[in-house]
Each structure stands twice: as structure tokens, then as C-alpha cells.
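Accompanying notes for the structure given below.
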Amino acid sequence: MTNELDIFVGNTTLIDEDVYRLWLDGYSVNDAVALRVRSGILEQTGATAAVLQSDTMDHYRTFHMLERLLHAPPKLLHQLIFQIPPSRQALLIERYYAFDEAFVREVLGKKLSKGTKKDLDDISTKTGITLKSCRRQFDNFKRVFKVVEEMRGSLVDNIQQHFLLSDRLARDYAAIVFFANNRFETGKKKLQYLSFGDFAFCAELMIQNWTLGAVDSQVDDMDVDLDKEFLQDLKELKVLVADKDLLDLHKSLVCTALRGKLGVFSEMEANFKNLSRGLVNVAAKLTHNKDVRDLFVDLVEKFVEPCRSDHWPLNDVRLFLNQYSASVHSLDGFRHQALWDRYMGTLRGCLLRLYHD
Amino acid sequence: MPGKLKVKIVAGRHLPVMDRASDLTDAFVEVKFGNTTFKTDVYLKSLNPQWNSEWFKFEVDDEDLQDEPLQITVLDHDTYSANDAIGKVYIDIDPLLYSEAATVISGWFPIYDTIHGIRGEINVVVKVDLFNDLNRFRQSSCGVKFFCTTSIPKCYRAVIIHGFVEELVVNEDPEYQWIDRIRTPRASNEARQRLISLMSGELQRKIGLKVLEMRGNAVVGYLQCFDLEGESGLVVRAIGTACTLDKLSSPAAFLPACNSPSKDMKEIPFNEDPNPNTHSSGPSTPLKNQTYSFSPSKSYSRQSSSSDTDLSLTPKTAPYPQSQGIFLYPSSPSLSCGSLHLKKSCLLLSESSLSPHHSSLVSPVLRKSVSFSDELFLAASGMGSGSAGKEGGPFKALLRQQTQSALEQREFPFFTLTAFPPGFLVHVGGVVSARSVKLLDRIHNPDEPETRDAWWAEIRQEIKSHAKALGCHAVVGYSESTSICEEVCILSASGTAAVLNPRFLQDGTVESCLEQRLEENLPAGCGFCHIPYDELNMPFPAHLTYCYNCRKQKVPDVLFTTIDLPIDATVIGKGCLIQARLCRLKKKAQAEANATAISNLLPFMEYEVHTQLMNKLKLKGMNALFGLRIQITVGENMLMGLASATGVYLAALPLPGGIQIAGKTPNDGSYEQHVSHMQKKINDTIAKNKELYEINPPEISEEIIGSPIPEPRQRSRLLRSQSESSDEVTELDLSHGKKDAFVLEIDDTDAMEDVHSLLTDVPPPSGFYSCNTEIMPGINNWTSEIQMFTSVRVIRLSSLNLTNQALNKNFNDLCENLLKSLYFKLRSMIPCCLCHVNFTVSLPEDELIQVTVTAVAITFDKNQALQTTKTQVEKSLQRASTDNEELLQFPLELCSDSLPSHPFPPAKEHLESASSNSGIPAAQRATSVDYSSFADRCSSWIELIKLKAQTIRRGSIKTTVTVEKASPMNEGNFRNRSAPPCANSTVGVVKMTPLSFIPGAKITKYLGIINMFFIRETTSLREEGGVSGFLHAFVAEVFAMVRAHVAALGGNAVVSYIMKQCVFMENPNKNQAQCLINVSGDAVVFVHESELEVVSSQPPTANCQSSCPGGDVTT
């Protein structure tokens, strides 16, 4: 006796959160049943393995049918086939678009192309996340990217509107889209200590200050592309390190202000020129696409690592960076104050976030 | 030209991509009604087109309005090749044809394609301007309301319950026409869908005409079914109960909307001669002459039609001419007794005409024994007559004569209702059922479906005579069904024989309610259990005892019924779902031989099913079954029987005896041990069940422990023998409470299996209850959380082990596993009860068994559930009385005046004093008492009629006042309409339930019947997730389409929802599958009780008041 056909359809679609998680995690029906058995559900409910199998199959089928709608969440809200309470709809969407930290770190900043998709096998082996789940997450990234890529208006708002995600998740996706578009390198060994949250934080600051949308909210791709004009202008900052007088003046201003306040004052004093050169050179290089990609590598190399090797406490880094950017206003010979603020304001935030072990 | 249909196509959304190049679609819409078609403009390159069309106007007959569906086709425009169809929407506009229901259909409908399923949605607005047509010879029956609900709908009051209406329509099945070989599957499916839609429209219209003729305005308990007879055609048939309903809170709706003759209706009762023996033909004559010709072939003679128009079942109708209905039963002439349904004459008749073999299919206990063979012969001869069409000649003439009087059907005192207004049901006799095996032959002339008509007439006649044998004049909870395999068809009908309060049938409920309540004051909640038949001429052997409640009347030891538990019945503990399952192998055979084989098997199956039911009932420690439904399904090589019912412990019936196991060879020691072991297990199970279902009969509780099983020597082997002597039974000392035990003789492996299977039924996990009736006896604190579901399972039997036992086990496991799965799936709803559990079995192929279950899970409040039985009873009584009040429009005036005489005056005490077997004198006294009281009843009844006349007049004068009185309800209605069903979500929630009510809510409006038929086919089965994926998607789509139609009507729920058919066929080798689903229900508007209270507690605002009276019509 074999079950040829076995279905259960409720007027209100039944959603089992646990099974949904297993499905999202890419487990096969049999694996999912085994995992559920291990969770002790049989003992709790007095059910048999066959019942569990049938139940799991049903849920998987439902999820499979829902998946098409989840690709365009507003459709899930308007569709008539599945009657699902709004709170459940939100849960379905949120969970579907949720991603694994380990996975996102692997693809963050990579081109969301077929080539990357082929590498998912390796990512799956490396992270221990099932290939199916990797594919879903990758496809989610790509789908969101494609929809909002050339759209007008705030990136986060666009994502929220088209994918009905929570504010938090929408911000994360904004970061992913931003990184994918600008192809920031995040995979280098040096950057491994950084979490997705660190990058997302930086992305948000950069979107707010460095993109086209920061100056004009009526442009296409406004939040996705960096403001090219701004990047060109950054070359002007070079004077801060090229002009020896200016550099010395800048150093003395910072040192005067920070004397006695910094635990690592002597190290700072000794390193000032190096650090300043590093930061300004990063800015000057941003005209080239390749250097834009290496932004985070450069920041870590030129600033985070030197400070870390001298064991600067975070608070000292903060005091230094504040003073370092503020002192420029007192440099009479320097004419690009606004440009400096736009650059340094964001960079200061990023560096503070990036500065940890 | 009495109607104008207006349609506007607003927009589409989520359309599929039809042009691969642009990933877009150039969509336009064709709107078709009858033979007229309109088109919208092409909306280029969009998946969300905004057509915003003009109003397309169709000027049509109301006959067409009733028959035809509105057909909306969405297409993709293609400049070079033929336009591609995206999908269709069929809209039944019937709900727009009655004034009280929906006024506009407007909303998003899923666009459905039989190959691709749902492909986007379309927004449509439909309106109808109906001109009143006073032509009494018209063919349409606009204005007759249809309800699937098998009780009086919640916001109506039954003025008169007229009786049985039936009709059937026959056509060729497009799937089997020659053209089907050359057209696409899509075209074939669509032709079928359209035809069935057309046929059900026609059927409904014809039934409506019959109702108008009976001067009713509604059909309640409307059940429409399809018989897919394959080569021989397509039969659509329907049965229902004609009623005159009166909407509560809107006194203006006394008369049906466009039923002009009905104006006289009210007066008829007053003019009629109250003397039951001389039938007055005065006022009703004008109607009698209206012989509508349903089909050209039928011409009625005046005489026959006049006897037809007589409403049966009333004390005043004359007996039918003896000539009618006789010829059907040449083999059993004793069945042809007159059909006068006076209680008096009934008793007399049953005395005179009862011959033992009448008992066959009839019995509350259903101990089928001696006379089964008779039925068999009948069935066999019936089978022969099935092919009689070919024989032609005299038989055919006879048939025509039979069908000639289409109205004769009304002589069937049947009611499809399963729940009744309080006081309607006087006594219940037991289940009556009849089956017959027929050979299908091609229906040559669809306009003369006489063979089918005759088949059903025959079966109904049988049912009627069975009811009569039980001393009952009516059959309630009546239903009909078929099972078809190739060219063999089993027709089945079943119901519950009952004695009804005749006053309901002709007269308003108001008086009778009150009267009945007063009458029944003494035997509260047990009256219906009292036997209607004469105890000395019992149609079958049964144990009678005095009612455990009133101790005055006799009751049987077990009661089987097909109806819901009456609301005022006193029940101890909770109920539970009881199923009997059975398979029988059968040799493959052709035509006649096959039919004969099936007819030979049927009685054994019935017998086994009843034995199982009885055993399981006893095992549960219960004594009555409600909602019994026995389904016999025929397949190529087997027969399946599935009986479902809800077992309860009725306080009025005696304590059920235990089950006794008897070994055949008592000498063998180990065997004896085994037997006693089994016995112990059974006794334990009974005890456990009693605890589980909280069955603690109050007074006699100590006896449960005291004597569960009689001593071995007292065993009388009831089962599988007919040697029971009734004398012995009646001598049992009742006060001692000892019941005759049910004995299972395990003399062979077969019986062992039976015992084992008894014990394998696992009770539902804690927190779960299940029943197949509307509500679970013993639970009444439902929350509003409901979940309706459909579950389908198909198993493939391995052909190797096809023995009866293996088959039984497989089938049993299938059902049990299915239930277990349901309990598991719905575990989050605990504590909850599965209500209205409806199992359907079919045998789509040789080795496939398909089981379809539809039910609703309702969560209840656990804390309140632990109330004592006493308060439960009180509660249910309270509920009954509030229900009663709801029904009353003029409650108080009547109350004081209408003190009727006692129906069974004190003379009953004689009965009590007489010992049960003292013989004839007591019985004669009983009948004479009954007779004498009859005159009293009549006179009091006349008084009531006069009273009612006054009140009606008063009512019409005070119209405006009553509107004000009723305002809270209207307000609720109004409020509900003004506020969208669900403000937050974009798609309004539509609840679906097989029950007639929604827990925690009040139904404020019925919007019309939903009756939909869908076909889905695929040629890419694997790609769609195999059979399960295919069917899962289809069922979900069907639900979606039902919800969309309800929402478009302005409703927020479907009640009395039923999936009548789910025919699934697959051909995995060809990667193909096809499925047909037919569903129906009543679209309603409901308001949550909590909301309602808020609204009614507010002082009515001026705004609200002004909009109330007109609100129903204009908005």
C-alpha cells in the first residue's frame, strides 16, 4: 500500500514555522523529516513518522507554490490563491529574504552574475550552508538588485516598497545592492575580521553622503552609484599631504589639541604623517574604479592596521579622527572645507566601525 | 424582455506573459451572455491592463438570466495569428435575481484556464435591472431563493415548510461526443464546464417553478449532484425542501419578490375546511390549473395535477388515488397502500398493511435479517428495468404514465433538512434507506429523462413505504447519491423516518412552536426518541424500554438517524465520530452479470456495515447515532462501504450493553484464555471511552460498574442469527438496568479480524474531538477560530494480496492514517473539534482507492468546556429558546391565547401502568387516545389560524414600527456593508465552513447560492509536482475562486460549503491528469457578535436610522 496522492488544503493556508525554516535552509523532505523526528515532535504529539512525512511533504508543496509569489512580495499580498493572514504573510516574506551572515560575507561586493552563481558550490562547501539555500539567497540578492538598480528615489524605500521587507532587512539589502554595484572588495584575508554589519554600516554612511542622491534626489541610480564628480574633486585634497607646510601645520594643530588627552600620544605624533598621507591618498585614488573597489583594503592597510599594531584604544582613535578632521577648518590655506567634510565625515564613521579586532 | 444585464470590465492584474519577445501581453476581453458577445479594446503591452470599458448591456429573458452564466474570456491580441486565450471567468448571476440578495457583483475574479489554472485576475462589475413579469405562465422562477443550508437559514423564519422538490436534467457529455476527437482538451473542458453551468441553471429554474407552484418562496437544503455516466450522458439532478421563508427584521418581505399568485396564499388556510376528512378544493383551484410543461412530452390531465398540487403531509389532504404509485411495485403489492399521513391513519395502516418483510431496510437498530432477500430481488428487477428503454412497449408506456405526473413527486413526504425549528420533530423512527443497481443505457432523448426519473421515483417510493412501516409519515434528513462504474450505477437514498408536527407544514411556525413547546414540556428533550410505531406490531425486533427521561413513553435501546442532534436533546457527555469501513472483492464482469453480482453483494455489505457501527457504538459506550451517512462505492473489482456518524449518549435511551465475546470451542483452554483476554481488552476500552467522552449517566452511574456484561448463560446470540425472541427481551427488568449484551462470536478468522479492527480504532489525541454533525454534542463554547480544509488521499493496492481481509485492513489504515494526519496538522488549534467531517470514497481505477475529506476545525474555550452536563443542557435549552424568540415576530400576543390541549393527555399514565407485554388492550387505548386528542388539536389549531390572521394584519399596519424594532440587526448589516470586510489587508478574508453557522458571529444576510464546477487538466504532470502537486494547486485554486465570487457578491463567508465531487483521473505514462471538482455553499455576510453588541448598544444615530429601511435594496 503506497500513498499515490496525499494532499491537505486549508481555506487558511497552514504555515508551520519550523518546517518553513527547514525548507528555507534547503533540506530535502527526507532530511527535514529526520530533523523533525530528532526534535522530539513525535513524542510530543504521538504522531508517527508516516504522518510527519506526509505533513512535511504538504508544507513543502505549499512553500514551493508560494515561492513564485515570494519573488514579487506585493503579489503575495494581492493574490487570491492562498488565504494567509497579514502577519503570516509578513513572516513568510521576511524569512524568505533573510540571509546567512556566512553566506553574505562570501558574495558581498561580488558581481551578481552567472559566474558567481557557479561558485556557489564552493561557498556551500565552505560555509556548510546547503547549495539550495545558497541559491535562494543569491537569487534574492540578484532579484532585489535588478529591481532597484536603476530606480529613482531612496534605495531603502525602494526595496521596502517592492519587497515589503522590514526596515532593518531593507537596509541590509541596500548595503548588499550598493556593494554589488560598486564591487567593493571584501574577501581579502585582511578583511576577514570584518562582519557584514560593519560593511553595512559603512555602506549606509556612504549612501547618505557619497552618492548622487546625497546632493540630488531626482536622479536615476541615485543611491547606487557614487557621485563621480565628488570622487574627481577628491583629488583636490591631495594638497593636505603634498604641501609640506600644510601637513606640518595640520599635525601641530592636532597634537596641540590632543596633548595629554591621548594614551598613545607619542605613537600618534610619530605616525601622524603616515596616517594622514594614507587617508588623503585613499581619497585621491578614488577616481579610478579599481581603487574604489579596494577602498576597504586600503583603509585597513593604511589606517586600521598601523593603529592596531600600536595598540590604540578605540576611544583614542575617535579623539584623533575628530581632531584630525576638525583641525582642517583652521588651515587657512585650504579651500576645500566642504569637500573635506563630505569625505572625512563619512570616512571617520567608517573607520571607527572598522577599528576592532 | 424582462431583464437587462450590464457588465463593465474594469482592469486586469498579474496577467501571464503571452509575448515572449516583449515579456508583455496585449490583452482584451470578450463578454458573452447567451449568443451576444461584446469586446473591449486591446490594452497594449501590459500585464496590468486598465480597460475601464463602457457598460456592456444585454437585454435578455429572465429565463436566460437564470440558465446562462456570464462568460468572460481574456485573450491576448495577436495581429498575425489567432488570438490566444488567457483564461475565462464564469459568473453565475443568479444571486442578482432576488431582491434580498446581492445587488451588484463587483470585484477581482481569478482568470481560470483548464490547462494552466489561475492566470491573473480581472476586475468586473455586473448589475441586473429586472422588470417584474406578472405572467403566470412564464418559464422563469426568478425570486425563489436557494439555500444549501439544511436548516432554516439563520436570519429567516419558516412560515410554511411545503416539502420535497426534485428535478433532473440530462444531456450528452461533451467529453464523449464525436467532436471531442478533433478538438483540443481545452475546448472540450470548456464545453463541459459551460454545459454543466447551463444545466444547473436550468435545473435551478425548474425547481424554482415547482416551488412557486407550491406557493413557496425558497428552497432549503438544496443539493445538486452530477452523475457522469460516461457514454450514456450527463445527469444533473437536485433535491431540496420548498419553504415559505420570512426574513426576520424585514416584515415587508413577506411575499416572494415576483410571485404574484402567492398573494392569495395567506388566506388559503383560513378558508379551508378544517375537517380532515373532506378535502376542500376551493381556494387552491386556480393554482392547480397552472400546469407548467417542463418538457413537451409531459401533458398533465387536470385530475392528476390537482391531486399533485395538494400538499401532502397535512391533516387536510385527501389520500392519493390508490392507483398512483402502485405499478412500480408489481412484486410487492402491499407497498401500495395509500399515502395519507394522518397520524391516526398511519397507525391504522401500519397495523393492517405491515407484513414482516417490510422491515428489511428499515430499523432504528438496523438489524437486517430475514427479509433482505426481498430487497435484493427488488434491486435485481430494478436492474432489469434500467435497460427497459430498449424494450419499449408497455413498460415504457408505464414509465411515461409515471413521469406524466411530475408533480406527483410531491407525494413524497421528504425533507432534506437535518435541523428543525423547535417542536417540528415529534418522533424519530429510525434510518430508512434503499438502494438499487441499474445498468446505464444511452439517454436517447435528453428532453425525456424518464428512465432516470423513474429510477428515482422507484427508490423514493421504497423509502416512503419503509418510513410507513416504522409508523412514520415523513422522512427527514433525506439525501440521494449515486456511484457509477462503467455502465453500472448504484442509486442510493436514505433518510430518517419521523413523525412531524403537522402544523408546521401548512401553517406558520409561530403558533406551533409555542404550542409544541408547551406540549413537550413534560418530556423535555426526549420526545423525539419515543417510538412512533406500535410496539405490538414492531417492524423489526427491538428492545423497548420506558424512556429514561420521562419514564412515560417507550424508547428503543439504540437510535440511528441521518439528522443533526435536535437542539433540545438531552445528551450526556460528548459525542464522537464513528465510522464503519468495509471492502468486498468482486469478480470483474460485464453488464448484467456485473449488476447481478453487485446486487448480490449489497445486502451483505449493508449488514456488515451496520454490525460494525453497532459494535463501535457500544464500544464507545453510547446509544445513538446522528448524521449517519452510508456510502457504497462500486469499482471494477470491488465494492467499498463507508459509514460515518456521530455517536452520542442520549439520556432518554437505556444504557448500552457491553460486547460479549464468545468462542466457538470452549473446551480448548488456551483458546478460552485468549477469548477472556480479548474480553478484558474490550471491557477496558469501553470503560476508557466512557471516561474519555465523559459519559456518566447521573442516576444509574453505579450500575455501570455493577453489571457491564450479563452472565454467560444469559447470552443470547443476537448477532448473525435471527433467533431472538422478543418476549424474552421485553421481560427484562428495566429498573435493574441490565441490558442484553451484544455478543461477538469469534468462530472463524473473519470474526477475529472484526474484533481486532474494533480495537485498532485509535481515539483522537487529547484536546481533539470529531463529529460529522453540525456541532459537537457537549461542546458549546466555540471561539471564532475556524479552519475549513479538504484532504485527498489515493492509495495503490498491490494486486498480489487482494483478499477481503487485506483490503479491509488497507482501507481501515487509509482512513485512520488520514485522521491521524489531520489531528497532527491541526494540533495548533487544540482544544478543538473537527465538525462536519465528511468522507467520500471513490475507486477511480482497479487498484486505486481515493478518500476525500472535507471538514472544519473549530477551536473552543477549554475552561468553559469543563462545565457539568447539567449546565450544558440548560444552555442548550436557553439557546433553543432564544432561537425560538428569534423566530417569533409577534411573540407575546400569541403566548397567552394559544393554550392548546395536551397532545397526549393524561391517558398516557395508563400506558405506563400497563406492563410492556400486556398486549393489545394497552395499545388500543394508546391509539384511541391519540385519536381523541386529534379533534382537540384541530380546533385549537383553527383558533390559532384566526389569531394569526389578526396578527398578520396588525403586522402589516405596524410596518414602520417593526422596522424600528428590528433596527439593531439592520444596523449591523449596514455597518458591515459600509466598512470593508478587512481594512488592513488588500484581499478581504472569506471564511468557508461546511456548517450552517459561523461560531461567534451572526449571519446578517444570505447573498445567494454558490454552485461551481471546474475542470483542470494537465499534460505536464511531472513538471507540476506530480499528482499531489497538481491536485494541491487545483484545490487551492477552487477555494480561491469560491472566495473571489463570495467577495464580489459583497459577502465574507460561505456556509454549508460542500465539495460534492472530486473526480481525479491520471495517466502517469502519458504525463497527464484530469480532475473535476464541484462545490457549493451559501454566500453570506456575517458580523462578529462582539461587533454586533457594540453597535446595538450605541444609541442609533439619525444617519443610521434613515438608511436602514432602504439599505437592503438600494446599496
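The values are calculated or read from the model by the stated rules, or taken from the named source; none is laboratory data. It should be emphasised that the depicted structure is a prediction, and the values quoted were computed from it without experimental measurement. In this analysis, Cβ positions are derived from the backbone assuming ideal geometry, glycine residues included, and neighbour counts consider all displayed protein chains. With ligands, DNA and RNA removed, areas are computed over all heavy atoms of the protein, side chains included. Shrake-Rupley method; radii C 1.70, N 1.55, O 1.52, S 1.80 Å.
Look at the stretch A:89-130 and say how many of its residues are over 21 Å from residue A:159 (Cα atoms) and surrounded by 15 or more Cβ atoms within 10 Å (Cβ to Cβ).
Going residue by residue through the stretch A:89-130, those that are over 21 Å from residue A:159 (Cα atoms) are A:102, A:106, A:114-130.
Cutting the leftovers down to surrounded by 15 or more Cβ atoms within 10 Å (Cβ to Cβ) gives us A:106, A:116-117, A:119-120, A:123-124, A:127, A:129-130.
The total comes to 10.
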- Note on the structure: Scanning the stretch B:1065-1094 residue by residue, those open to solvent by 10 Å² or more (accessible area, probe 1.4 Å), in contact with a helix residue (DSSP H, G or I) (Cβ under 6 Å, 6 or more places away or on another chain) and within 14 Å of chain A (Cβ to nearest Cβ) turn out to be B:1066
- Among the residues of the stretch B:805-846 satisfying the criterion of being open to solvent by less than 50 Å² (accessible area, probe 1.4 Å), more than 9 Å from chain A (Cβ to nearest Cβ) and acidic (Asp, Glu), which is farthest from residue B:767 (Cα to Cα)? B:846
- Note on the structure: Given the conditions (1) open to solvent by 50 Å² or more (accessible area, probe 1.4 Å); (2) touching a helix residue (DSSP H, G or I) at 6+ places or on another chain (Cβ under 6 Å), every one holds for residue B:69 apart from (1)
- Query: Out of the stretch A:42-58, which residues are more than 9 Å from chain B (Cβ to nearest Cβ) and among the aliphatic types (A, V, I, L, M)?
  - Reply: A:42, A:49
- Message: Which of the numbered conditions does residue A:56 fail, given that it passes all the others? Conditions: (1) polar (S, T, N, Q); (2) within 24 Å of the chain's Cα centre (by Cα); (3) open to solvent by less than 10 Å² (accessible area, probe 1.4 Å).
- Response: (2)
- Query: Going through the stretch A:71-88 one residue at a time, which ones are part of a helix (DSSP H, G or I), open to solvent by 20 Å² or more (accessible area, probe 1.4 Å), closer than 20 Å to residue A:159 by Cβ and more than 8 Å from every other protein chain (Cβ to nearest Cβ)?
  - Reply: A:74
- Given (1) open to solvent by less than 30 Å² (accessible area, probe 1.4 Å); (2) more than 8 Å from chain B (Cβ to nearest Cβ), number of the condition residue A:7 does not satisfy: (2)
- Task: Give the residue that is nearest to residue A:78 (Cα to Cα), with candidates limited to residues of the stretch B:86-108 that are more than 29 Å from the chain's Cα centre (by Cα) and surrounded by 20 or more Cβ atoms within 10 Å (Cβ to Cβ).
- Result: B:108
- Query: What is the number of the single condition among (1) under 29 Å from residue B:850 (Cα atoms); (2) within 13 Å of chain B (Cβ to nearest Cβ) that residue A:20 does not meet?
  - Reply: (2)
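For the stretch A:163-188, how many residues meet the condition of being closer than 14 Å to residue A:141 by Cβ and part of a helix (DSSP H, G or I)? Walk me through it before giving the result.
First pass over the stretch A:163-188, keeping only residues closer than 14 Å to residue A:141 by Cβ: A:163, A:165, A:169-170, A:172-181, A:183, A:186.
Add one more test, that the residue is part of a helix (DSSP H, G or I), and what stays is A:163, A:169-170, A:172-181.
The number of residues fulfilling the criteria is 13.
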- Residues in the stretch B:87-100: is at least one modelled with pLDDT of 85 or more and within 14 Å of chain A (Cβ to nearest Cβ)? yes
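Take residue A:68 and decide whether it is of a type in the set (Lys, Arg), away from every other protein chain (no Cβ under 14 Å) and not in a loop (DSSP other than H, G, I, E, B). Give the steps one after another, and end with the answer.
Values: of a type in the set (Lys, Arg): yes; away from every other protein chain (no Cβ under 14 Å): no; not in a loop (DSSP other than H, G, I, E, B): yes.
Criteria not met by residue A:68.
Condition first: among the β-branched types (Val, Ile, Thr), modelled with pLDDT of 85 or more and surrounded by fewer than 24 Cβ atoms within 10 Å (Cβ to Cβ). Now tell me which residues in the stretch B:633-665 satisfy that. First the steps, then the outcome.
Of all residues in the stretch B:633-665, those among the β-branched types (Val, Ile, Thr) come to B:633-634, B:646, B:648, B:659, B:661, B:665.
Among the residues that remain, those that are also modelled with pLDDT of 85 or more are: B:633-634, B:646, B:648.
Scanning the stretch B:633-665 gives a single hit, B:633.
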- Note on the structure: Only unsatisfied item for residue B:589, checking (1) in contact (Cβ under 8 Å) with a residue 40 or more places away in the chain; (2) outside any helix (DSSP H, G or I); (3) open to solvent by 10 Å² or more (accessible area, probe 1.4 Å), is (1)
- Please determine, by comparing only the residues of the stretch B:772-801 that are within 14 Å of chain A (Cβ to nearest Cβ) and open to solvent by 40 Å² or more (accessible area, probe 1.4 Å), which one is nearest to residue B:830 (Cα to Cα). B:785
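For (1) of a type in the set (Val, Ile, Thr); (2) part of a helix (DSSP H, G or I), each residue gets a yes or a no:
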residue	(1), (2)
B:151	no, no
B:154	no, no
B:157	no, no
B:160	yes, no
B:169	yes, no
B:175	no, yes
B:189	no, yes
B:195	no, yes
- Message: Please go through (1) surrounded by fewer than 24 Cβ atoms within 10 Å (Cβ to Cβ); (2) within 14 Å of another protein chain (Cβ to nearest Cβ); (3) farther than 25 Å from residue B:198 by Cα for residue B:1014 and return the number of the only condition it doesn't satisfy.
- Response: (3)
- Item | Search result, residues across the stretch A:240-262 that are surrounded by 15 or more Cβ atoms within 10 Å (Cβ to Cβ) and assigned to a helix (DSSP H, G or I) | A:240, A:241, A:246, A:247, A:249, A:250, A:251, A:253, A:254, A:255, A:257, A:258
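Does the stretch B:1042-1062 include one or more residues that are in contact (Cβ under 8 Å) with a residue 24 or more places away in the chain and facing chain A (nearest Cβ under 7 Å)?
Yes, the conditions are met somewhere in the stretch B:1042-1062.
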